[in-house]
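K.L.:
What follows is a structure written as structure tokens; I'll ask about it next.
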Amino acid sequence: MFRRLRIQFLLIPRRQARKYVNVPFPVRRNKRDVLNLQTIYKAVTARRERTMSERIQLELLALTLTPRQSTTMRARNAHLAQVYEERVYMDRR
């Protein structure tokens, strides 16, 4: 499950002339694990169930059974789409 959530790149703004350009930077392995836990925590706290145990249970269930409908996977895919858009600036790392 954590392999599916793995974030390979972070977008970091770099200044180019008068504007800022988002440049993809690779993420170290130990920081990837921390980012995975942070994204899961954000997704769990954003859910609307009453108790925290229900939130955790339903988010993990969504990640394992229907990953495309999970909010965590949707957020990861949106981030990945931004990285693919900005990969033009990979040479400016």
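K.L.:
Out of everything in the stretch 21-33 that is touching a strand residue (DSSP E or B) at 6+ places or on another chain (Cβ under 9 Å), under 19 Å from TYR84 (Cβ atoms) and of a type outside the set (A, V, I, L, M), what residue ends up being surrounded by the most Cβ atoms within 10 Å (Cβ to Cβ)?
P.N.:
Once the filter is applied, the top-ranked residue is PRO24.
A quick yes/no check of all residues on (1) loosely packed, with under 13 Cβ neighbours inside 10 Å; (2) at pLDDT 90 or above:
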site	(1), (2)
ARG6	no, no
ARG18	yes, no
LEU35	no, no
GLU49	no, yes
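K.L.:
Quick one: is GLN82 in a helix (DSSP H, G or I) and either aliphatic (A, V, I, L, M) or under 15 Å from the mean Cα position of the chain (by Cα) (or both)?
P.N.:
Answer is yes for this residue.
K.L.:
Please work out which residue is nearest to GLN8 (Cα to Cα), limiting yourself to the stretch 52-76 and to residues that are exposed (fewer than 15 other Cβ atoms within 10 Å of the Cβ) and basic (Lys, Arg).
P.N.:
Among them, the one singled out is ARG74.
The values are calculated or read from the model by the stated rules, or taken from the named source; none is laboratory data. Only a predicted model underlies this, so the values are computations on that prediction, with no experimental measurement involved. Cβ atoms come from the backbone with ideal geometry, glycine included; neighbour counts cover every protein chain shown.
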